[in-house]
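Enquirer: Please see the structure below; I have some questions.
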Amino acid sequence: MFILGIRLSTTMDAENIEWASQQVKNALYPLVVFFIVYYGFLFNQGITGKLLSLKYKKDGKKFSKYYNCEEPDLLCADRTVGNMMEQMF
């Protein structure tokens, strides 16, 4: 019997266990890939801010990671993370 796509059975024989484990695997693969991509974007955002901070410090200029709209690389990294967080929920 199926209810909302979940297979219900009164007995858990080998076939049902195999079917359930395959369903869990199919759900976990996209979830793991999603988190790898998400943390990749966060890492990119952090590294981009740090590299620009070092560049500005070398040039003797003042740098603000949070109020900087002039650097396209930082803006792109911030928007990428923001868009992914928006689509998460």
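The values are calculated or read from the model by the stated rules, or taken from the named source; none is laboratory data. Predicted model, so just to flag it, every value in this text is computed and none were measured. Here the Cβ is made from the backbone with ideal geometry for all residues, glycine too, and neighbour counts use every protein chain on show. Each accessible area value is taken on the protein alone, full model and side chains, heavy atoms only, with ligands, DNA and RNA left out. Shrake-Rupley method; radii C 1.70, N 1.55, O 1.52, S 1.80 Å.
Enquirer: Which residue pairs have Cβ atoms under 9 Å apart, sit 6 or more places apart or on different chains, and have a first residue in the range 52-81 that is assigned to a helix (DSSP H, G or I) and a second that is exposed (fewer than 10 other Cβ atoms within 10 Å of the Cβ) and not hydrophobic (A, V, I, L, M, F, W, C)?
Expert: Close Cβ pairs satisfying both conditions: Lys55/Lys61; Tyr56/Lys62.
Enquirer: Could you check Ile36 against (1) over 22 Å from Phe89 (Cα atoms); (2) β-branched (Val, Ile, Thr); (3) open to solvent by 90 Å² or more (accessible area, probe 1.4 Å) and say which number it fails?
Expert: Status for Ile36: all satisfied but (1).
Enquirer: Gly60 fails exactly one of the following numbered conditions: (1) open to solvent by 100 Å² or more (accessible area, probe 1.4 Å); (2) more than 18 Å from Gln87 (Cα to Cα); (3) at pLDDT 90 or above. What is the number of that condition?
Expert: Tallying (1) open to solvent by 100 Å² or more (accessible area, probe 1.4 Å); (2) more than 18 Å from Gln87 (Cα to Cα); (3) at pLDDT 90 or above, Gly60 fails exactly one: (1).
Enquirer: While we're looking at this one, here's another question. If I filter the range 19-26 for residues that are under 21 Å from the mean Cα position of the chain (by Cα) and part of a loop (DSSP other than H, G, I, E, B), do I get at least one hit? Give the steps one after another, and end with the answer.
Expert: Of all residues in the range 19-26, those under 21 Å from the mean Cα position of the chain (by Cα) come to 24-26.
Okay, now just the ones that are also part of a loop (DSSP other than H, G, I, E, B), so none.
No.
Enquirer: Looking at the range 73-84, is at least one residue exposed (fewer than 10 other Cβ atoms within 10 Å of the Cβ), out of contact with any Pro (no Cβ under 9 Å at 6 or more places or on another chain) and among the charged types (D, E, K, R)?
Expert: We begin by selecting, within the range 73-84, every residue exposed (fewer than 10 other Cβ atoms within 10 Å of the Cβ); these are none.
Within the range 73-84, none of the residues are exposed (fewer than 10 other Cβ atoms within 10 Å of the Cβ), out of contact with any Pro (no Cβ under 9 Å at 6 or more places or on another chain) and among the charged types (D, E, K, R).
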